[in-house]
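Everything on this sheet refers to the single structure shown next.
The values are calculated or read from the model by the stated rules, or taken from the named source; none is laboratory data. All values derive from a computational prediction rather than experimental measurement. With ideal geometry, Cβ positions are generated from the backbone for all residues, glycine too; neighbour counts draw on all protein chains shown. Heavy atoms of the whole protein, side chains included, go into the accessibility calculation; ligands, DNA and RNA do not. Shrake-Rupley method; radii C 1.70, N 1.55, O 1.52, S 1.80 Å.
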Amino acid sequence: MRKRTRKHLGTAGKMVGGFLAFFCLILLTAGMFWAIQGYVSYQKAVKEKPLAQAVEEARSGAQWASLEQVPDLYKKAVLAVEDHRYYTHHGIDWISMARAVVHDIRVMKPEQGGSTITQQLVKNMYYDQNKTFARKAAEAWTALYVERQLSKEEILELYINTIYFGDGYYGLKEASLGYFGKEPQELNDSEAVLLAGIPNAPSAYAPSRHADLALQREKQVLAAMVKYGYLEPSETDSLLWDAAADPVLAR
């Protein structure tokens, strides 16, 4: 009886192992297909619009803000909530991407991208908002290319000036003037942290429309800043934005 049981267990184990091997082969084949599709898309994108042209188009906007004009706390907030390994990766955060891939495979659609700041920048400069596995691969290829051509400071500056903040505002300067009536360098600490959280979901976190959600998002940003060592826990309460006291949004 024991021999028969062991035999059955051995057969079942082989079947499970064979299924897993087959499943892994399918995933590997699909991954290679998407990677090739993405590489072709990336090559086409940078050929049609060379990086120098894309950068010049971004910098030619009337509402450009240099990194020197951006509050240091805002930059720290962006790094904490968007890409805390920004200065250690080369365009792709493999840890975040692996986590996102596992999730996407489980739900069988590209819900999470594990996108770095560089990937978000190239999406803004080259691609639309469609979410497909091939598109994510194209963004990854393009991000690797951009990181070889530009410095981290240049990439961060471009990112800050091209992201969408809701209410029709693109870039930090437009958002700062539109929401608070002041230049980026004039933002107080709570305003700077609040703005760092908006691009994650601009329609939901626009403070002019959803002050309560914007404040909830700011709390998430502050928690990330504490987690990654940019703030002490005791400092967060003093940085919370007060919508009722804002002279522009309270009108």
* For the stretch 184-198, what are the residues that are open to solvent by 30 Å² or more (accessible area, probe 1.4 Å) and in contact (Cβ under 8 Å) with a residue 40 or more places away in the chain? -> Gln185, Asp189
* Asked: Restricting attention to the stretch 36-63, which residues are crowded, with 16+ Cβ neighbours inside 10 Å and not in a helix (DSSP H, G or I)?
  -> Gln63
* **Which numbered condition Met32 misses (of (1) of a type outside the set (Gly, Ala, Ser); (2) closer than 30 Å to Ser176 by Cβ; (3) surrounded by fewer than 18 Cβ atoms within 10 Å (Cβ to Cβ); (4) at pLDDT below 95)** => (2)
* Residue tally, condition open to solvent by 60 Å² or more (accessible area, probe 1.4 Å), of a type in the set (D, E, K, R) and assigned to a helix (DSSP H, G or I), over the stretch 123-160 -> 3
* the stretch 142-177, residues that are free of Cβ contacts under 8 Å to residues at least 12 places away in the same chain and of a type in the set (Gly, Ala, Ser) -> Ser151, Gly168
* Asked: If you scan the stretch 209-232, which residues turn out to be in a loop (DSSP other than H, G, I, E, B) and either open to solvent by less than 60 Å² (accessible area, probe 1.4 Å) or more than 22 Å from Ala243 (Cα to Cα) (or both)?
  -> Tyr228, Gly229, Tyr230, Leu231, Glu232
